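Q: Just dropping this structure here.
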Amino acid sequence: MSRILILDDDEGIRRSLEIMLKGDGHHTLAAASAEGALALLEREPTDIALVDLQLPGMDGIAFTKALRDRRRDVDVVIITAHGSVESAVEAMKEGSFDYLTKPFSPEQVRHRLSQIERLRGLRSEVASLKTQLGGPQDTEILTRNPKMRHLLELARTASETDATVLITGESGVGKGLLARRVHAWSARKNGSFTVVDCAAFQETLLESDLFGHKKGAFTGAATDKPGKVELAGGGTLFLDEIGEVPLALQAKLLRLVEERAFERLGDPAPRMVDARIVVATNRDLNELVAEKQFRPDLFFRLSVVELAIPPLRNRPEDISLLAERFTAQFAERHKRPIDTLGAEVERFLVGYGWPGNVRELMHVIERAVLLCPGRTIRMDHLPERLRVSQHSADDDALNFSLAELEEHHIRRVLAQNLSQEETASRLGIDPSTLWRKRKKYGI
């Protein structure tokens, strides 16, 4: 079953679609305006959006474009009047999956949704096959940072066992990539890498997605269905955003971690699974335990090996390295002739604070690749918001000690791949002083 957004300013259409879709077992969200829908999607995940073409304010085409900038994984179906098929086709060029012409029947809606669900299932299978067949090169993590290198060494050592691994770090630092790296290094690399986004479901739906369900366990459960836990047998189960799991479900997760035992929803018969468990969170589980939102026994079982990924702003020497890799990847993907970053762009990227971490850098580079008509990415190919937000980031420097600012600045200059003499000259110190400061800060 899918999570479906209904965006239509006609209350009657919204209500009828909600009744039909909920009756089919789907989880629904509803909005009367594009602006309201975008605000709703900041808080609620969704798989599919049914979007009316004619809306007050931002229309369906503009909404589709705005949604594509935020969430590329949502499939959009445009709802249009009979005489506006050309506009619907234009919306499809902006990324919508298909369109429905008013008036439409429930069976037409179900048919479109069935097509999308089959396609989403195929995408998931392809991603799983890539993980199984791609090998370590598909999960390569590039870094020059000493702390990241130590972290990768620890991850490699942990991967040689079946110990549960907890990966922590801010959103966008690459927790999912590191989890795949652990899987690719392990003896289970030929098994499946099965992902569960614990923040994407309501409690009952999350339990069903994890453990599966028996026919009749809830409305819409027309057949027995295995969960992700069973599908992970022989491989790795990756539980992303583990801090979002409701307390009531944490007891069942504890049993899974301790005994590798679980039960399908609506079926008391116990089942066993042979799967390695890796979890990730951007929240402080210690704080959640103190606030009684997370079970301490589950926390202790999950954190047998903890891998804390530092944010990108603390790894300035990695920024140019990653930017060059993303430039090459997106240039090849989008068939663009770009082969280099301008010197001013590279300096700016290294100096920017990257609140969205590696994910933000990746999206910025992809946008620049798409906008650049020549071979070199320039400053005007970067989003204006980056340059505006950099002024605010400079104000935040007042919160750091002098030593922390010095270390960060030295790392930023070193990340520009200058010689020792050039780096020392840029910093206004002699090479021997630079050597002592690098030794002091472990650079």
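Computed from the coordinates by the stated procedures, all read-outs in this text should not be read as laboratory data. Small disclaimer: the values here were computed from a predicted structure and weren't measured. Neighbour counts run over all protein chains shown; Cβ positions are idealised from the backbone, glycine included.
Q: In debye, nearest 20: dipole of the chain around its Cα centre with unit charges on the Cβ of K, R (+) and D, E (-)? Show your work: numbers first, answer last.
A: Working: 62 positive and 67 negative charges, 257 e Å.
With only Lys, Arg, Asp and Glu charged at Cβ, the dipole is about 1240 debye.
Q: Just want the answer: with Cβ charges of +1 for Lys and Arg and -1 for Asp and Glu, which residue in 233, 109, 25 is farthest toward the dipole's positive end in the chain?
A: Result: 233, furthest along the dipole toward the positive end.
Q: Additional query: If R0 is 41 Å, what FRET efficiency do you get for residue 343 and residue 107 from their C-beta distance, rounded to 0.05?
A: Working: r = 60 Å, r/R0 = 1.45.
FRET efficiency, residue 343 to residue 107: 0.10.
Q: Which of the peptides 191-204, 366-379, 311-324 is most tightly packed, and how do the rest follow, going by the mean number of other Cβ atoms within 10 Å of each residue? Walk me through the intermediate numbers first.
A: Numbers: 191-204: 18.4, 366-379: 15.8, 311-324: 20.0.
The most tightly packed comes first, giving 311-324, 191-204, 366-379.
Q: I'm spelling it out carefully: the read-out is semi-axes √(5λ) of the Cα gyration tensor in Å, the candidates are (1) 35, 29, 20; (2) 36, 24, 20; (3) 41, 31, 19, and one was derived from this structure. Which label?
A: Answer label, from the structure shown: (3).
Q: If I model a spin label at residue 218 and residue 42 as a point 7 Å from the Cα along the Cα→Cβ vector, what separation in nanometres do I get?
A: Taking the two extended label points, one gets 2.8 nm.
Q: Another question, then. Full-extension gain between residue 409 and residue 370, please, as 0.36 nm times their residue separation minus the C-alpha to C-alpha distance.
A: Numbers: separation 39, 0.36 × 39 = 14.04 nm, distance 3.10 nm.
Roughly 10.9 nm would be gained on extension.
Q: For every helix of n ≥ 4 consecutive DSSP H residues, a contribution of -39,500 (n - 2.57) applies; sum these over the chain, divide by its total residues, and give [θ] at 222 nm rounded to the nearest 500 deg cm²/dmol. All intermediate terms of the calculation are to be shown ahead of the outcome.
A: Values: 19 runs with 223 residues, N = 443.
Using -39500 (n - 2.57) per qualifying helix, the result is -15500 deg cm²/dmol.
Q: Can you grab the distance from the C-alpha centre of segment 10-67 to the C-alpha centre of segment 213-233, Å, no decimals?
A: Computed from Cα coordinates, the inter-centre distance equals 27 Å.
Q: In the chain, which whole DSSP H runs stretch at least 27 Å along their own axis (Cα) and average -1.0 or higher on the Kyte-Doolittle scale? Show your work: numbers first, answer last.
A: Values: long enough: 106-134 (41 Å, -0.77).
Helices meeting the criterion: 106-134.
Q: Then there is this: So between residue 384 and residue 160, what do we pick up on full extension, going 0.36 nm a residue minus the alpha carbon distance?
A: On the way: separation 224, 0.36 × 224 = 80.64 nm, distance 4.52 nm.
76.1 nm is the gain from fully extending residue 384 to residue 160.
Q: Let me ask something else. Going highest first, how would you order 290-303, 167-180 by mean Cβ packing within 10 Å? Walk me through the intermediate numbers first.
A: On the way: 290-303: 15.6, 167-180: 20.9.
Taking the mean over residues of other Cβ atoms within 10 Å, the ranking is 167-180, 290-303.
Q: Could you check the spin-label model distance between residue 251 and residue 314? Points 7 Å from the Cα along Cα→Cβ, value in nm.
A: It is 3.7 nm.
Q: Further question: Multiply the residue gap between residue 115 and residue 438 by 0.36 nm, knock off their C-alpha separation, and tell me the result in nm, one decimal place. Working shown, then result.
A: On the way: separation 323, 0.36 × 323 = 116.28 nm, distance 5.77 nm.
That works out to 110.5 nm of additional length.
Q: Let me ask you something else. Could you work out how far apart the two model spin labels at residue 306 and residue 20 are, taking each label as a point 7 Å from the Cα in the direction of the beta carbon, and quote it in nm?
A: Between residue 306 and residue 20, the label points sit 5.0 nm apart.
Q: Straight-line reach only, C-alpha to C-alpha below 28 angstrom: list the lysines that residue 439 could link to, leaving out same-chain residues fewer than 8 apart.
A: Qualifying lysines at Cα under 28 Å: 147.
Q: Another question, if that's okay. Of 288, 321, 309, which is farthest along the charge dipole of segment 280-322 in the positive direction, counting Lys and Arg as +1 and Asp and Glu as -1 at C-beta?
A: Toward the positive end, the furthest listed residue is 288.
Q: Here's another thing I want to ask about it. Over the Cα atoms of segment 216-300, how large are the radius of gyration and the largest Cα-Cα distance (Dmax), in Å?
A: Radius of gyration, then largest Cα-Cα span, for segment 216-300: 14.0, 41 Å.
Q: Same structure again: Taking R0 as 41 Å, what FRET efficiency do you get between residue 68 and residue 272 from their Cβ-Cβ distance, rounded to the nearest 0.05?
A: Details: r = 43 Å, r/R0 = 1.04.
Given R0 = 41 Å and the Cβ-Cβ separation, E is 0.45.
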